[in-house]
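See structure below.
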Amino acid sequence: MSRRGWVVWSAAFCAAAALLAASPAMDAPVTPANAPFVARIELIGPIGPAAAEYVDGAIQRATDDGAKAIVLQLDTPGGLIESMRSIVSDILASKVPIIGYVAPSGARAASAGTYILYACPIAAMAPATHLGAATPVDLGGGTPMPSPLGNGLPSSSKSTDKATSGNNPLSDAESNKILNDAIAMIRSLAQMHGRNAVWAEQAVRGAATLTASEAAAQHVIDFVAADSSSLLAQADGRTVHVGEQSVTLAVRDLPIHDYPPDWRARFLGIITNPTIAYVLLLAGIYGLILEVFHPGSFFPGVTGGICLLIGLYALQLLPVSYAGLILMALGVALLLAEAFVPTAGVLGVGGVIAFVLGSVMLFRTDVPGYQVDLGVIVGIGCCAIVLLALLLRLVMRARRARAFNGDAQMLQSTGELLQAVAAGGQGWARIGGERWRVQCEAALPAGASVRVVSRHGLLLQVTTAQAGEGESS
């Protein structure tokens, strides 16, 4: 492998390592023995496998450290329903009271975030925040809003987390099952904590939303708090149910300790970013291709194999469209085929189109926060077009170039004897930069210039070169 190739692959590997190392420190603050404190877990961004694992681990660590309460600070557009269910289960199973808090101002608890906020024993929001739009949608495409039902509330369709608009009614049993399951879940959470179950159902059926002040007025949340100090002051003295027990909170003026993600949650957060997973997948594919073209170089093969495995692991955690994945694979195969079977760009252009379409389709974009950056796709697509144009240019140059082998070209070649040849005997000569077995009718010394007059398989018939005929290359 060339030195440039080593530099490129080393830089890519170091960049990935630096990205992981640049994440915040994972260790929780050291708390003096028996000193009461409140733990804070910040759930920011899309709800996915990394977020679920982070919340689970942070709740466990805060409980082991003796936290008096846990503030789960939310700012999320929604995400995957399975990850949301995992977080809700962790909240309900927690041995420490959890205060759900949508903050700072401008934050939201949309879609999956609404379910999570309803699951918390105490729910609060900062001013200028909002929640709602909890209608499940189909991972495979847009979900039309159905026509109104008998209760006057609109209904909706399939699986993960947000609503779109339309007029078609629900048409299959699966959609009804998913919708009714989501309604039952959020109603049960509302009833458990004595909150507005009617609006909760409306948030699922009709994608209803509320601001912080409206939510407090309709008893969707317990209160509005401008900051963490106000949050703890208003939560102090409230009685909540934790498991089978009733617990009265005593959290006023307690210090708040942050519990950032541990290394595993950070790692999952990086690789389950759709753009990072996409790049890892491509790096793995092209690394293995380079290893095939440069056998024995090892580095691109090993690095590509690792990237491919990590990328595939990330894909099985994400809402992937397998049609998009197959189109990407087809695109790469067509581009490789163009290199070996020149078709004036037909296979190559088809490969670029299939690759770009597959990249756009790879992740199902109805899930909030789970889209590949379009700029990355465009950039890689442009690189593929440039490589295709370069390949076609090389093919056209090769077609116009003179022949470098064949009998006709060989008859014009001259060379130098590498050893003395007796009359009618055979020896070795360097002709066209290659070693050939030659035969000569006249005796010639080593180093003599010779010219090819005929070819018999791998044996060349030579004669003495005329004056002025040098060795051909």
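Against the empirical 2.2 N^0.38 Å (N residues), region 205-325 has a Cα radius of gyration ratio of 1.81. Annotation for region 296-328 versus region 215-256: alpha-carbon center distance of 45 Å.
Subtracting the Cα-Cα distance from 0.36 nm times the residue separation, let me have the gained length for GLN466 to TYR313 in nm, one decimal.
Working: separation 153, 0.36 × 153 = 55.08 nm, distance 6.88 nm.
Length difference between fully extended and current span is 48.2 nm.
Taking 0.36 nm per residue of separation and subtracting the current Cα-Cα distance, fully stretching the chain between ALA446 and PHE223 would add 70.2 nm.
What length, rounded to one decimal in nm, is gained on full extension from ALA389 through to SER188, with 0.36 nm per residue of separation minus their alpha-carbon distance? Intermediate values should be presented prior to the final figure.
Values: separation 201, 0.36 × 201 = 72.36 nm, distance 6.03 nm.
Residue separation times 0.36 nm, minus the Cα-Cα distance, leaves 66.3 nm.
Proximity of backbone amide H atoms, modeled 1.01 Å from N, is registered between THR129 and GLY106, ALA212 at under 5 Å, excluding neighbours fewer than 5 places apart on the same chain.
Suppose all protein chains stay in the model; what accessible area per residue would a 1.4 Å probe give for region 273-323, in Å²?
On the way: 2270 Å² over 51 residues.
For region 273-323, the per-residue accessible area is 44 Å².
Net charge of the neighbourhood of VAL421, taken over other residues with C-beta under 15 Å away and scored Lys/Arg +1, Asp/Glu -1, is +2.
The values are calculated or read from the model by the stated rules, or taken from the named source; none is laboratory data. None of these values were measured; they are calculated from a predicted model. Every residue, glycine among them, receives a Cβ derived from its backbone with ideal geometry; neighbour counts consider all protein chains shown. What goes into the accessible areas is simple: the full protein's heavy atoms, side chains included, and nothing from ligands, DNA or RNA. Shrake-Rupley method; radii C 1.70, N 1.55, O 1.52, S 1.80 Å.
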